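*Asks:* Please find one structure pasted underneath; my questions will follow.
Rule-based calculations on the coordinates, nothing more; no lab input. If you're wondering where the values come from, they're calculated on a predicted model, not measured in any experiment. All Cβ positions, glycine included, derive from the backbone under ideal geometry; neighbour counts span all protein chains shown.
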Amino acid sequence: MKEEKTPKVSLVGAGPGSEDLITIRGLRALQEADIILYDALVSNELLSKVSESTPKIYVGKRCGEHSFKQNDINTLIVENAFKHGHVVRLKGGDPFVFGRANEEIEYVESFGIPVSIVPGISSALSVPSSQGIPMTQRGISSSFWVMTATKRDGSFSEDLKFASQSSATMVILMGVRKLMEIVREVSKYRESSMPIAVIQNGTMKNECCVIATLNDILHKKNTIDVSNPGIIVIGNVVAGHPAFFEEEIQRVLHSYI
Ligand SMILES: C[S@@+](CC[C@H](N)C(=O)[O-])C[C@H]1O[C@@H](n2cnc3c(N)ncnc32)[C@H](O)[C@@H]1O
């Protein structure tokens, strides 16, 4: 007789990308799952740590690719919990940082299915950190502000203005496509010499990082592939990146030519 599976859902943070930056608890949940529903920024290397016999369904929402609507994802989670038992909903970074986890939890729980959360290492912290960019630094920055640049309707979030007016390190997610508009907006409030970093595929083998100032990032825009998601960091803490020092020498040399 076929064993009846009790439906349950674990919302698991996968970490920023590198397969060894998931938590031990997260990996355990993956290995115990009956089925995995995973996001766009989850690496194949991480999925390969799970038995081939565990079904894995891609439910990513990346621009330019087939994109799943949030309602469809919610329905898939519930259907698969009733069909397979333990669903692991694997989400990039931490489930509660721009992850719409609350919508999934509310929907799943409305069917009486229990949900547990396994926190993940958010890209907001770990991607700058892996580049050696501190979020806070004594005497330089005493806070950081993690934000998205745009609201649902595409307009700039008021937070972008307020953060620009503060002395906080700004960490902007989902902003690479609007990099130039963001730089123009921030430049209204911050000095043009303020350092900025754009980090893509952070913590992974193809990680890349462009370092500049608000003033000269415009000249580097062609080196950034805007089809890849990335994190923008704006603040004096970025000056600690070794590339900033090299760039600074070039800037000084050029100012004498
Ligand atoms: C929908 S948000 C989800 C964030 C996620 N919950 C977290 O805590 O990292 C996706 C955004 O996170 C950022 N992101 C996630 N992983 C990244 C990585 N490995 N490198 C650079 N940016 C990343 C990008 O700004 C991307 O557009």
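*Asks:* What is the spread of the Cα atoms of the stretch 43-96 along each of their three principal axes, largest first, in whole Å?
*Replies:* Principal extents (largest minus smallest coordinate, Cα): 29, 28, 23 Å.
*Asks:* Still on this structure, I have one more. Based on DSSP, what percent of beta bridges with both residues in the chain are antiparallel, to the nearest 5? Present the calculation step by step, with values, prior to reporting the outcome.
*Replies:* Values: 18 of 40 bridges.
For the chain, the DSSP antiparallel bridge percentage is about 45.
*Asks:* Take K188, K151, K220 and order them by how many other Cβ atoms sit within 10 Å, fewest up front.
*Replies:* By the 10 Å Cβ count, ascending: K188, K151, K220.
*Asks:* Further question on the same structure: Once phi is turned into ³J(HN,Hα) by the Karplus curve 6.51 cos²θ - 1.76 cosθ + 1.60 with θ = phi - 60°, what whole-Hz value does each residue of the stretch 191-199 show in order, with x for glycine and proline?
*Replies:* Result, ordered by residue: 5, 5, 8, 5, x, 9, 10, 10, 10 Hz.
*Asks:* For every helix of n ≥ 4 consecutive DSSP H residues, a contribution of -39,500 (n - 2.57) applies; sum these over the chain, divide by its total residues, and give [θ] at 222 nm rounded to the nearest 500 deg cm²/dmol.
*Replies:* Details: 8 runs with 76 residues, N = 257.
So the calculated ellipticity at 222 nm is -8500 deg cm²/dmol.
*Asks:* Also: In a GNM of the chain with a 10 Å cut-off on Cα contacts, which of K69, K178, K56 has the highest mean-square fluctuation?
*Replies:* Result for the chain, Cα springs under 10 Å: K69 fluctuates most.
*Asks:* Same structure again: Rounded to the nearest 5, what % of the DSSP beta bridges within the stretch 104-238 are antiparallel ones? If you can, show how the numbers build up before the last one.
*Replies:* On the way: 17 of 22 bridges.
That works out to approximately 75 percent antiparallel.
*Asks:* Averaging over every viewing direction, what projected area does the convex hull of the Cα atoms of the stretch 123-255 cover, in nm²? Show your work: numbers first, answer last.
*Replies:* Working: hull surface 31.4 nm².
Result: 7.9 nm².
*Asks:* Find the all-direction average of the projected area of the Cα convex hull for the stretch 8-118, expressing the result in square nanometres with one decimal place.
*Replies:* Working: hull surface 24.9 nm².
The number I arrive at for the stretch 8-118 is 6.2 nm².
*Asks:* For S164, what is the net charge nearby, where nearby means another residue's Cβ is under 12 Å from its Cβ and Lys, Arg count +1, Asp, Glu -1?
*Replies:* 0
*Asks:* E79 to T148: FRET efficiency via 1/(1 + (r/R0)^6), r the Cβ-Cβ distance, R0 22 Å, to the nearest 0.05? Spell out each step's value before the answer.
*Replies:* Numbers: r = 30 Å, r/R0 = 1.36.
Calculated value: 0.15.
*Asks:* Once the other residues with Cβ under 13 Å from the Cβ of V88 are scored (Lys, Arg +1; Asp, Glu -1), what is the net sum? Don't skip to the end; give the middle numbers.
*Replies:* Working: positive: K8, R25, R28, K49, K56, R89, K91; negative: E32, D34, D39, E104.
Around V88, the charge tally is +3.
*Asks:* Also, I was wondering about something else. Which value does Rg/Rh take for the chain over its C-alpha atoms, Rh per Kirkwood? Don't skip to the end; give the middle numbers.
*Replies:* Working: Rg = 20.4 Å, Rh = 19.7 Å.
Using Cα coordinates only, the ratio equals 1.04.
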